[in-house]
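Comments concern the structure below.
The values are calculated or read from the model by the stated rules, or taken from the named source; none is laboratory data. Owing to the predicted nature of the structure, the values given are computational and were not obtained by experimental measurement. For neighbour counting, all protein chains shown are included, and Cβ atoms are generated from backbone atoms with ideal geometry for every residue, glycine included.
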Amino acid sequence: MTDFYLRVLIYFFCFLISLYGLQALDFSRFVKQGRVFQAQLLYFIIACSLAYLMGSFMMSVIYYFYKG
């Protein structure tokens, strides 16, 4: 059960980090005028994808050193 909470915590932390990192990009240059909802949805999907990739990497590293 603690494994589940650790995974959720890692993914949430990585999600916050990815949101913070994506703030450095100017998405208004890549999005058409008047497409605010689509731009926000794309921003959220990119943040979730980055969080998943970072979280999976962190968990595999933790697992490697814990079991190693």
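Restricting attention to the range 5-14, does a residue exist that is of a type in the set (Phe, Trp, Tyr), out of contact with any His (no Cβ under 9 Å at 6 or more places or on another chain) and modelled with pLDDT under 90? No: the range 5-14 contains no residue that is of a type in the set (Phe, Trp, Tyr), out of contact with any His (no Cβ under 9 Å at 6 or more places or on another chain) and modelled with pLDDT under 90.
The selection criterion, being small (Gly, Ala, Ser), surrounded by fewer than 12 Cβ atoms within 10 Å (Cβ to Cβ) and on the phi < 0 side of the Ramachandran plot, does not hold for residue 18.
Just to be sure before I move on: is residue 22 at pLDDT 90 or above and under 30 Å from residue 63 (Cα atoms) in the structure I sent? Spelling it out, residue 22 is indeed at pLDDT 90 or above and under 30 Å from residue 63 (Cα atoms). Considering only residues that are part of a helix (DSSP H, G or I) and among the hydrophobic types (A, V, I, L, M, F, W, C), which ones fall in the range 18-31? Within the range 18-31, 19, 22, 27 meet the criteria. If you go through the range 30-48 and pick out every residue that is closer than 25 Å to residue 4 by Cβ and touching a residue at least 24 places away in the same chain (Cβ under 8 Å), you end up with 2.
If the condition is being assigned to a loop (DSSP other than H, G, I, E, B) and surrounded by 11 or more Cβ atoms within 10 Å (Cβ to Cβ), then the range 32-65 contributes only 35.
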